[in-house]
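Shown next, in structure tokens, is the structure this report addresses.
The values are calculated or read from the model by the stated rules, or taken from the named source; none is laboratory data. Fair warning: this is a prediction, and the values are worked out from it, not measured in the lab. Here the Cβ is made from the backbone with ideal geometry for all residues, glycine too, and neighbour counts use every protein chain on show. Note: areas computed on protein heavy atoms with side chains; ligands, DNA, RNA excluded. Shrake-Rupley method; radii C 1.70, N 1.55, O 1.52, S 1.80 Å.
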Amino acid sequence: MRTSQPRTIYLSEYRVPDYLVDHVDLRFELFEEGARVHSKLAVRRNPEATGGPVPLELNGDSLTLESVHLDGRQLTTDEYQDKGELLIVPAVPDTFELQVVTWIEPQNNTRLEGLYKSSGMFCTQCEAEGFRCITFFPDRPDVMARYRTRIEADRSMYPVLLSNGNDVDRGVLEGGRHFVTWEDPFPKPSYLFALVAGDLVEQKDAFTTVSGRNIDLRIYVEPRNADKTDHAMDSLKRAMRWDEEVYGREYDLDIFMIVAVDDFNMGAMENKGLNIFNSSCVLARPESETDAAFQRIESIVAHEYFHNWSGNRVTCRDWFQLSLKEGFTVFRDSQFSADMGSETVNRIENVAMLRTAQFAEDAGPMAHPVRPASYMEISNFYTLTIYEKGAEVVGMIHTLLGPDLFRKGSDLYFERHDGQAVTTDDFVKAMEDASGRDLGQFRLWYEQAGTPVLTVEDDYDEAGEVYRLTIRQSIPATPGQSNKKPQHIPFALGLLDGEGNDLPIRLAPSEADAPATRVLELTEESHTFEFPDIPERPVPSLLRHFSAPVRVNYPWTRDQLRFLMSHDSDGFNRWDAGQRLAVDVIRELSGHAETKVDPRLIDASRVLLTDESADQALVAKMLQLPGEAYLIELTDQADVQTIHHARERVLKSLATALRDELMACYRRQQTASHYQITPEDVASRSLRNMTLAWLLHIGDEEALELALEQFRNASNMTDQSGALRALANSPFEAERRQALDDFYQQWQVDPQVVEQWFAIQASSPVSGDLEAVRRLLEHPAFDWKNPNKIRSVVGAFAGQNLPHFHSQDGSGYQFLAETIRRLDDSNPQIAARLTAPLTRWRKFAHVYSEGMHKALESVRDKENLSRDVYEIVHKSLAE
Ligand code: B3K
Ligand code: ZN
């Protein structure tokens, strides 16, 4: 048990920094047994700080202090206090130079924060508070400085030495060593500092900006990955062009670098001019990575690049403002992905994730507003709420203002705040000032947690030809927030006539140019809208394009849903109608063994499978049944086993009834012989793999032959792993084992593919029971120090293999608790992430919640629990 409770940090306690740092001069001496860091800071008293002189306080973490000099004079130990987490110098002048020398041990740093080693190279991760693990510093984002960084290391082991900015000097040193000096002309917060030293190969390219400047582009990887950089480089160039065209943002330094690192806590990091990526988010070639990986890479490369403006040039004042950069940048990267591929499919994917995981977070013990009011450990707040709901909030501003005024607003924001550390309120203010719109009430989206629920009722006055819609909003209570005010919600509406055509939506009789999709603005608890000139009772298409992150309740009939599935002009709502129909059918079957699957769902799926003229990318999405996690999210006191079995039965009934159509659809899918990631080809591969999976699921012998053939002869990983996944979930035991073995034999030299191999097994209800998952942890390719391996086994098991994870004997929960306890000392960030599935215990029926609660208690009782895990476990167990 942890004896002291970590301190809670409050937004309301924000104060401007007492001291500012104008310039940072760093010298790193890198050795095998550690690193010496010499830092020279140009410090001055902040003119905006109030009150008399105060001591200088610098943050630190796991540092060995060697010396402190003030204006060139070494301080004696009674002239400063080294408190470990704080270095305090009580007496300092208004302006001075402070030199600090620290010793650190990157080779023993398993937390992967600050400076650490990954497969023999040195690299850094400083966001949010990792810079303090490198040297003592006012480690907060509103202290922005110019950095000069000299790196010294062994020349043969570390030929490549990188940091932020431009490379200004290099040379050879004694003893086989060398150095490179980097200078970054743009003031930046410490969390954007980066350093890399290693034996890396580079892929070079160039980009000419809109104003004609030539930018050097480089991707650095370990030599074995040299053939996996093309896609990231192409994605980068597309992102650079797109940001110029859509946001008017041009790149600012002369060089932009990306480095791939195997051991990384998250996806990637937007350090100024030197982005560092988890290998799995940057490296790809068609033979070894799937379509999903290609798409993920394109969007993450773009996301990190876009941060150069939304995050780096304009940064966050404090960490409560995290969504200022993350929400906005996720919004930007999804606009980009939508422009590069299929708009509707992108929207569907984003919303599916939001509704499954962010809604769950917003309804659980860690629920927090997009701008949180307090935290214990900031690393715990890199959440779906900050990122995805934050992006939806920006998206709603875009919807309310329209694209032109939104662009005026973003131009004003970048111009007004360039070089500053600002707040989400400054962002909204820029949008208001540029558009003349009042977003006062809209700001509640940043302050109130919880997912608004909209209850919709309608009636039709045949004689008057008036259609009436009443919409009520309510926002559920969340920890620390019980009474919520109504929010400003853009609600996009369509009305379909009996033929399935959009009716013009008028707010007054005979209004000219009435739109087919009307954005209603909800601001009160309840609104009743009257639409005149509606000649027949329409079928409403509600919340088109998912115009707000809310839940909608309306008593659709199954016939109405089928009708919307085939006729709604809004592709997103066509998909959504299908999901609602499937949810309804699965729920009807839950716990009722004698109930048959509604033939309307089977017919709807048949139409999708056979209509070759329909948009196949949308069809591929529409055919997928809602996932178990989403079904659980929609259910109170969820019974996982019952949900799993009901969904299985629906899947098997569909596959059995549509066997021939599935086979025909499988055989029809042909992609270009040369691998491409066009929406058409992606859809085609997705349909192939889906139809195969369904057929194997019901033990179809002919499909087994097709799967084995596809597995052996596939020319790309999407097809090969699609076949493997289908086999791994099939009843054909011998073939399944053989394919898994063959796949490992074929790919064991490629750690990224081995991660896929782990995940396919750990997430499979057929191949991944707890015993099998424990065996994976003993596999020679598994590595407790590598976050990707942990995610691909433990994360995949707890997040996707729900029937085994939620075994009623509690063994899955105990297994997860053991893992968290084991990782808490070595990597608290990863341990805290893995805790998420247990935090939702209140959502489940008693047989489950009891075991989850016990597992949480056993984590709580561990000695020296990290601040990260402490916060999550205690908030989850709180009454
Ligand atoms: N800004 C980083 C995330 C840092 C997470 C620190 N625990 C990646 C991104 O969102 O672009
Ligand atoms: Zn980001």
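Since SER342 meets every condition but one in (1) touching a Pro at 6+ places or on another chain (Cβ under 8 Å); (2) within 25 Å of GLN676 (Cα to Cα); (3) within 13 Å of ligand 1 (Cβ to nearest atom), which condition does it not meet?
SER342 satisfies all of (1) touching a Pro at 6+ places or on another chain (Cβ under 8 Å); (2) within 25 Å of GLN676 (Cα to Cα); (3) within 13 Å of ligand 1 (Cβ to nearest atom) except (3).
When region 358-374 is examined, which residues are found to be open to solvent by 20 Å² or more (accessible area, probe 1.4 Å) and within 16 Å of ligand 1 (Cβ to nearest atom)?
Of everything in region 358-374, just one residue is open to solvent by 20 Å² or more (accessible area, probe 1.4 Å) and within 16 Å of ligand 1 (Cβ to nearest atom), namely MET366.
With the requirement that a residue be within 22 Å of VAL246 (Cβ to Cβ), within 13 Å of ligand 2 (Cβ to nearest atom) and not small (Gly, Ala, Ser), what does region 273-306 give you?
ASN275, ILE300, VAL301, HIS303, GLU304, TYR305, PHE306
So which helices (runs of 4 or more DSSP H) are wholly in region 691-798 and hold at least 3 residues that are of a type in the set (S, T, N, Q) and free of Cβ contacts under 8 Å to residues at least 40 places away in the same chain?
In region 691-798, 733-747 are the helices (runs of 4 or more DSSP H) which contain 3 or more residues that are of a type in the set (S, T, N, Q) and free of Cβ contacts under 8 Å to residues at least 40 places away in the same chain.
Taking region 176-195 only, how many residues are over 32 Å from the mean Cα position of the chain (by Cα) and either under 16 Å from LEU26 (Cβ atoms) or open to solvent by less than 10 Å² (accessible area, probe 1.4 Å) (or both)?
Residues flagged as over 32 Å from the mean Cα position of the chain (by Cα) and either under 16 Å from LEU26 (Cβ atoms) or open to solvent by less than 10 Å² (accessible area, probe 1.4 Å) (or both) within region 176-195 amount to 3.
Go through region 93-105 residue by residue and tally those that are open to solvent by less than 60 Å² (accessible area, probe 1.4 Å) and closer than 13 Å to THR64 by Cβ.
5
Could you please tell me which pairs satisfy a Cβ distance under 6 Å, a separation of 6+ or placement on different chains, a first residue in region 290-314 that is of a type in the set (Ser, Thr, Tyr), and a second residue that is within 11 Å of ligand 2 (Cβ to nearest atom) and open to solvent by 10 Å² or more (accessible area, probe 1.4 Å)?
That search, which allows pairs on different chains as well, returns SER299/ASP333.
Could you say which residue among ILE219, ILE276, ILE215, ILE255 is closer than 17 Å to THR124 by Cβ and touching a residue at least 12 places away in the same chain (Cβ under 8 Å)?
ILE276
Hand me the list of helices (runs of 4 or more DSSP H) wholly inside region 538-640 holding 2 or more residues that are among the aromatic types (Phe, Trp, Tyr).
By residue number, 571-589.
How many of the residues making up region 570-619 are under 32 Å from the mean Cα position of the chain (by Cα) and over 23 Å from HIS645 (Cα atoms)?
14
Among the residues of region 196-211, are any charged (D, E, K, R), more than 26 Å from the chain's Cα centre (by Cα), away from ligand 1 (no atom under 16 Å from the Cβ) and over 21 Å from LEU236 (Cα atoms)?
Taking every residue of region 196-211 in turn, at least one turns out to be charged (D, E, K, R), more than 26 Å from the chain's Cα centre (by Cα), away from ligand 1 (no atom under 16 Å from the Cβ) and over 21 Å from LEU236 (Cα atoms).
Looking at GLU388, GLU415, GLU326, which one is open to solvent by 20 Å² or more (accessible area, probe 1.4 Å) and either touching a residue at least 24 places away in the same chain (Cβ under 8 Å) or aliphatic (A, V, I, L, M) (or both)?
Answer to the check: GLU388.
On the basis of being more than 30 Å from ALA260 (Cα to Cα) and open to solvent by 20 Å² or more (accessible area, probe 1.4 Å), does ASP78 make the cut?
Spelling it out, ASP78 is indeed more than 30 Å from ALA260 (Cα to Cα) and open to solvent by 20 Å² or more (accessible area, probe 1.4 Å).
Restricting to region 257-272, what's the tally of residues that are more than 16 Å from ligand 2 (Cβ to nearest atom), open to solvent by less than 20 Å² (accessible area, probe 1.4 Å) and out of contact with any helix residue (DSSP H, G or I) (no Cβ under 6 Å at 6 or more places or on another chain)?
The total comes to 3.
So that you can scan it fast, the table gives a plain yes or no per residue for (1) aromatic (Phe, Trp, Tyr); (2) open to solvent by 10 Å² or more (accessible area, probe 1.4 Å); (3) part of a helix (DSSP H, G or I):
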{"site": "PRO803", "(1), (2), (3)": "no, yes, yes"}
{"site": "ASP809", "(1), (2), (3)": "no, yes, no"}
{"site": "TYR813", "(1), (2), (3)": "yes, no, yes"}
{"site": "ARG821", "(1), (2), (3)": "no, yes, yes"}
{"site": "ALA831", "(1), (2), (3)": "no, no, yes"}
{"site": "GLU857", "(1), (2), (3)": "no, yes, yes"}
{"site": "VAL873", "(1), (2), (3)": "no, no, yes"}
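Counting just the residues of region 264-281 that are touching a Ser or Thr at 6+ places or on another chain (Cβ under 9 Å) and aliphatic (A, V, I, L, M), which one comes out nearest to ligand 1 (Cβ to nearest atom)?
Once the filter is applied, the top-ranked residue is MET269.
Scan region 121-141 residue by residue and report those that are open to solvent by 10 Å² or more (accessible area, probe 1.4 Å) and in contact with a helix residue (DSSP H, G or I) (Cβ under 7 Å, 6 or more places away or on another chain).
Passing the criteria: GLU127, GLU129.
To keep it simple, each residue is scored yes or no on (1) β-branched (Val, Ile, Thr); (2) touching a residue at least 40 places away in the same chain (Cβ under 8 Å); (3) open to solvent by 40 Å² or more (accessible area, probe 1.4 Å).
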position	(1), (2), (3)
ASP169	no, no, yes
GLU174	no, no, yes
ALA197	no, yes, no
VAL201	yes, no, yes
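When residues of region 325-339 are filtered for being within 12 Å of ligand 1 (Cβ to nearest atom) and among the hydrophobic types (A, V, I, L, M, F, W, C), how many remain?
The qualifying residues number 2.
For residues that are hydroxyl-bearing (Ser, Thr, Tyr) and within 16 Å of ligand 2 (Cβ to nearest atom), scanning just region 324-366, find the one that is nearest to SER686 (Cα to Cα).
SER337
So which residues in region 464-485 are closer than 30 Å to TYR375 by Cα and not in a strand (DSSP E or B)?
ILE475, PRO476, ALA477, PRO479, GLY480, SER482, ASN483, LYS484, LYS485
If TRP309 passes every condition in (1) away from ligand 2 (no atom under 11 Å from the Cβ); (2) buried (at least 23 other Cβ atoms within 10 Å of the Cβ); (3) under 28 Å from LEU631 (Cα atoms) but one, which one does it miss?
Here TRP309 clears every test but (3).
Residues that are in contact with a Lys or Arg (Cβ under 8 Å, 6 or more places away or on another chain) and either away from ligand 1 (no atom under 16 Å from the Cβ) or of a type in the set (D, E, K, R) (or both): list the strands (runs of 3 or more DSSP E) wholly contained in region 64-137 that include at least 3 such residues.
Here the list reads 95-104.
Tell me yes or no: at least one residue of region 90-102 is over 30 Å from MET257 (Cα atoms), in contact with an Asp or Glu (Cβ under 7 Å, 6 or more places away or on another chain), assigned by TED's automatic domain parsing to the domain that holds VAL172 and away from ligand 2 (no atom under 16 Å from the Cβ).
For region 90-102, residues over 30 Å from MET257 (Cα atoms), in contact with an Asp or Glu (Cβ under 7 Å, 6 or more places away or on another chain), assigned by TED's automatic domain parsing to the domain that holds VAL172 and away from ligand 2 (no atom under 16 Å from the Cβ): present.
So for region 384-398 (the condition being more than 16 Å from ligand 2 (Cβ to nearest atom), of a type in the set (A, V, I, L, M) and part of a helix (DSSP H, G or I)), does at least one residue qualify?
yes
Just a yes or no: is a residue in region 493-501 closer than 30 Å to ALA582 by Cβ, of a type in the set (Gly, Ala, Ser) and in a strand (DSSP E or B)?
Scanning region 493-501 turns up at least one residue that is closer than 30 Å to ALA582 by Cβ, of a type in the set (Gly, Ala, Ser) and in a strand (DSSP E or B).
Return the total of residues in region 1-30 being open to solvent by 40 Å² or more (accessible area, probe 1.4 Å) and free of Cβ contacts under 8 Å to residues at least 60 places away in the same chain.
4
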